[in-house]
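The values are calculated or read from the model by the stated rules, or taken from the named source; none is laboratory data. What you are looking at is a predicted structure, and each value in this text was computed from that prediction instead of being measured. Don't worry about glycine lacking a Cβ; one is built from the backbone with ideal geometry, like all the others, and counts go over all protein chains shown. These area figures cover heavy atoms from the full protein model, side chains too; ligands, DNA and RNA do not enter into them. Shrake-Rupley method; radii C 1.70, N 1.55, O 1.52, S 1.80 Å.
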Amino acid sequence: MGAALSGSRPGASHTEAWMSMRRRPVRKLVPQIVKHLLLLLGALISIFPLYWMFVLSTHDSSAIYKFPPPLVPGGGAAANFNRVLSTVNVWAAMGNTTFVAVSVTVLVVLIDSMAAFSFAKYSFRGRNLLFGIVMATFLLPSQLATIPQFLMMTKLGWVGQLKAVIFPSLAGAFGIFWLRQYFMNSVQTEVLEASIMDGCGFFRQYWNVALPSARGAVSFLAIFTFIGSWNDFMWPLIVLNDPNRLTLQVVLSQLQTAHGTDYGMLMMGALIAVLPLILIFIAGARQFIAGLTEGAVR
Amino acid sequence: MRGKRSVPAYLSLMPFFAAFAIFMMLPILFTLGIAFTDWKGIGKFHFVGTQNFQYLLGDPLFWKSLLNTVVIGIMATVPCLVLATLVALGLNSTVRFSNTYRVAYLIPNITSLVAMGILFSSIFSSNFGIANALLNWIGLSPIRWMQTEWGIKVAISTLSCWSFVGYNSLLILAGLQSIDKQVYEAAHLDGAGPVRTFFSITLPLLRPIVIFVTIMSTIGSLQSFTEAQVMTSSQTSGSANAGGVGNSGLTMVLYFYSVAFQENRYGYGATIAWGVMIVVVIGTIINWYVTKERS
């Protein structure tokens, strides 16, 4: 994903930076260095907790009681790793989390992009009313729906199953809100009309004209949804109860409740839970950052 | 594009609206109904009138959770927005490594709050941990963070703040970059210094994005759950003990969760959910007016 996404302006920013550095007089260099040092310090503070999580996951639990605390990796990683594996079914949890996050992402992107395209480019009776209802619930706290959702899952017999996590996630309105804006601005009505002349039906307009032109916005929505689903905690905590069908976040919180003082193992478990997502994020970071800033100023 | 063509448009909305109606609209309406019962998860719904709402108004734990939520929210949001603005200003004039910085600053936001909650409870551990090591290093005596009312709040709000600085700074950065460069050149020609430029030009022009970020942060912090749940969970079972020592980390949504899903008092839980909603609406309105007045 990274290679495809980063191809927009190869090397451009570096050349600009280099040119402006050359033009800049030396006395402006000092504030530049100070600013970079401060930014670097901030970035280190941002990443430090993760680094410390990694350090603790490689130490015996007693290391955390030492003073000063350990700041470099130790030799206990394998032992901690094995203790995580023998305490909880972490691979199953990772499989479950991946399955939930991928399903939610694919379904949300398809369902929301289709609805957003209609809202953006078609006029039909009740359009404003429907969109208004969706937007009105957008800012309501999600806890308003939680109790009846749980009751519903009990009645359906879905409690403890992954589909109980997947389906309610499809009711969120963020994707519609996000993509509708994008389709309104980026898909030209003339192009759509031309495609109608060529005999394109609704689905082909959506699939062949609208979706390709919104690739950036769709990628952002996909990464955003994936991250949100991977990290979702409250609802999975409520509705999942089968030890073999838990997500990583629920497993982590159970580890903490049951083995709250075994920090070496806890941190190893936490590291396993966050690492895949961080790698995915770094691969798609350019697209994510572009989407985030684009949406903010609109 | 009207007429016959609206049929596919309706069809394309169907999947979303099916999910939306089943998992959002109906449950929200149903929550209103349950709030007027004393339903405990089994048996028939027993209508109790406005009893739950009267109880909510006199419930010391609810008011405590509201106060906690607001205090923790302010302790997290205010430093977070100030830091985010500073980071955004730094990134705005930086070309080199800017993408690397952005990724580094965003990583806290995408990292699971459960994992980070566990880590932060070790950072703020009473007998060890980085926070007390730092205090020791500058010559202060250690604090029993998770055993004191303010210690718990500091620990929770530090985690919230840390995880949102980067995200907010990128939103503010987007606002900064949409400001016309010519405005700055004019100010520079008029002899305005950097501080003055910031307060009389940058900040007013940033207002829309600052309002947006503030409102989103407020709504988010009024619904905070995971940080408090994870960092105070080892002692928790049921609402009386939720939120650590003296319920000082009990947020509204954590209270909702304990009442509904640990004690199975669904009727009263639904009432708390409506309480949360009213607080969120009031919070958003207050925010809107406060940020509007400054023009």
**Item:** B:ALA240/A:ARG215 FRET efficiency (R0 51 Å; Cβ-Cβ; nearest 0.05)
**Value:** 0.45
**Prompt:** How large, in percent, is the carbon and sulfur part of the accessible surface of region B:1-143 at a probe radius of 1.4 Å?
**Reply:** 73
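Work out the length of the dipole vector of region B:51-291 about its Cα centre, built from +1 on the beta-carbon of each Lys and Arg and -1 on the beta-carbon of each Asp and Glu, and round it to the nearest 20 debye.
Using Cβ point charges on Lys, Arg, Asp and Glu, region B:51-291 gives about 180 debye.
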**Fill in**
Of A:VAL72, A:VAL159, A:VAL100, the most mobile residue in a GNM of chain A (C-alpha springs, cutoff 10 Å) is A:VAL72
**Asked** Hey, rough spin-label estimate for A:LYS66 and A:ILE278, points 7 angstrom out along Cα→Cβ, what's it come to in nanometres?
**Response** 2.1
**Request:** Could you work out, residue by residue across A:117-129, how many beta carbons of other chains sit within 10 Å of that residue's beta carbon, and then give the average as an integer?
**Result:** 4
**Fill in**
FRET efficiency for B:PHE198 and A:GLU193 from the Cβ-Cβ distance with R0 = 51 Å, rounded to 0.05, comes out at 0.60
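Given charges of +1 on the Cβ of Lys and Arg and -1 on the Cβ of Asp and Glu, with all other atoms neutral, how large is the dipole of the protein assembly as shown about its Cα centre, in debye to the nearest 20?
Computed about the Cα centre, the dipole is about 1080 debye.
Mean Kyte-Doolittle of at least 0.5 and a Cα length of 30 Å or more along the axis: which whole DSSP H helices of chain B meet both? Each step should come with its number before you reach the end.
Details: long enough: B:60-92 (46 Å, 1.65); B:149-177 (41 Å, 0.94); B:266-293 (40 Å, 1.03).
Length and hydropathy pass: B:60-92, B:149-177, B:266-293.
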**Asked** Excluding ligands, DNA and RNA, what is the solvent-accessible area per residue of region B:51-291 at a probe of 1.4 Å, expressed in Å²?
**Response** 41
**Asked** Average partner chain C-beta neighbours within 10 Å, per residue of B:221-230?
**Response** 3
**Request:** Calculate the all-directions average of the projected area of region B:63-157's alpha-carbon convex hull, and give it in nm².
**Result:** 7.9
**Request:** State the answer as a single residue: which of A:LEU44, A:PHE124, A:MET265 lies farthest towards the positive end of the charge dipole of chain A, with beta carbon charges of +1 for Lys and Arg and -1 for Asp and Glu, about the Cα centre.
**Result:** A:LEU44
**Message:** Between B:HIS188 and B:LEU29, how high is the FRET efficiency from 1/(1 + (r/R0)^6) when r is the Cβ-Cβ distance and R₀ = 56 Å? Nearest 0.05.
**Reply:** 0.45
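Looking at the square roots a ≥ b ≥ c of the eigenvalues of the Cα gyration tensor of chain B, which shape do they give, rounded for a/c under 1.5, prolate if a/b is larger than b/c, or oblate?
Oblate, since a/c reaches 1.5 and b/c is not below a/b.
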**Asked** Just going by the charge dipole of region B:1-116, with Lys and Arg at +1 and Asp and Glu at -1 on Cβ, which of B:THR50, B:ALA76, B:PHE17 is farthest out on the positive end?
**Response** B:PHE17
**Message:** If you take each beta carbon of peptide B:98-104 and count the beta carbons of other chains within 10 angstrom, what is the mean?
**Reply:** 6
**Mean separation of Cα contacts under 8 Å, 6 or more apart, over the residue count of chain B: relative contact order %** = 26
**Prompt:** For the residue pair B:THR94 and A:LEU41, what label-to-label distance in nm results when each label sits 7 Å from Cα along the Cα-to-beta-carbon direction?
**Reply:** 1.3
**Asked** Considering the dipole of the protein assembly as shown built from charges on the beta carbon (Lys and Arg +1, Asp and Glu -1) around the Cα centre, which of B:THR31, A:PHE220, B:VAL183 is farthest to its positive end?
**Response** B:VAL183
**Request:** Highest first, please rank the peptides A:161-167, A:133-139, A:196-202 by the mean number of other Cβ atoms sitting within 10 Å of their residues.
**Result:** A:161-167, A:133-139, A:196-202
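To the nearest 100 Å², how much accessible surface do chains B and A cover up together, summed over both, with a 1.4 Å probe?
Values: alone 17530 and 18020 Å², together 27330 Å².
The buried area between B and A, both sides summed, comes to about 8200 Å².
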**Fill in**
In chain A, whole DSSP H helices that both stretch 30 Å or further along their axis by alpha carbon positions and average at least -0.5 on the Kyte-Doolittle scale are A:29-57, A:90-121, A:263-296
